[in-house]
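Sharing a structure below in structure tokens format, with a few things to ask.
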Amino acid sequence: MIVTGTIAAERVVEQAARDRRGTLVFTIGTGCCESTAPFLYEDFWPGPDSEPVGEVAGVVVFAPAYLRALYPGDDGVVIDVEHGLMAESMSIETEYGCRFVLRDRANVLIGRRAQPAREVPESVSALRARGLQELPEALRRGPEPPPTSVTRQSPNSASDVDSGF
């Protein structure tokens, strides 16, 4: 799977990079309501089965295994921008009054036309049993230090009297 971006998408990403301090990351295929819509996040970990599939204006695009399996080899999609197309989203471009969308290589908007169903291999299905999942080492916190206890005595405590205060 290869993902590229239009010049319009690159401009929005470049603006977001100027306005943000963290590392920008694109992810596709991980949305709950918008399914394969591209999302641009800051300092985001895309998930254990996501791998880089392209970049837009120097920002890496990640896709999960199930989506990569649907676009084998050099097959892929293009990230584009639609202005005024708003939906509730945490993706950064909504701050600029636009949304990233996916188009196929023929420039047809994905998700607005009937597409033939594709069989998702069991090995990459989101419904497969995954077992125990762990965060990458870089995202794990070390053990919290034990709380320090401070004992405060009242001014009239017995130890104050015994010490001559």
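Considering only strands (runs of 3 or more DSSP E) fully contained in the range 1-78, which possess at least 2 residues that are over 16 Å from the mean Cα position of the chain (by Cα) and over 13 Å from SER91 (Cα atoms)? Working first, answer last.
Working: elements: 2-5, 24-27, 39-42, 51-56, 59-63.
Strands (runs of 3 or more DSSP E) meeting the threshold: 2-5.
Yes/no per residue for (1) under 15 Å from ILE28 (Cα atoms); (2) among the acidic types (Asp, Glu); (3) surrounded by 10 or more Cβ atoms within 10 Å (Cβ to Cβ); (4) at pLDDT 75 or above:
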position: PRO38; (1), (2), (3), (4): yes, no, yes, yes
position: SER50; (1), (2), (3), (4): yes, no, yes, yes
position: VAL78; (1), (2), (3), (4): yes, no, yes, yes
position: SER91; (1), (2), (3), (4): yes, no, yes, yes
position: PHE100; (1), (2), (3), (4): yes, no, yes, yes
position: LEU135; (1), (2), (3), (4): no, no, yes, no
position: ALA138; (1), (2), (3), (4): no, no, no, no
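Note down all Cβ pairs under 6 Å where the first residue falls in the range 45-58 and is in contact (Cβ under 8 Å) with a residue 24 or more places away in the chain, the second is assigned to a loop (DSSP other than H, G, I, E, B) and crowded, with 16+ Cβ neighbours inside 10 Å, and they're at least six residues apart or on different chains.
ASP49/PRO64; VAL53/MET1
The values are calculated or read from the model by the stated rules, or taken from the named source; none is laboratory data. Note that the structure is predicted; figures quoted are calculated from it, not measured. Don't worry about glycine lacking a Cβ; one is built from the backbone with ideal geometry, like all the others, and counts go over all protein chains shown.
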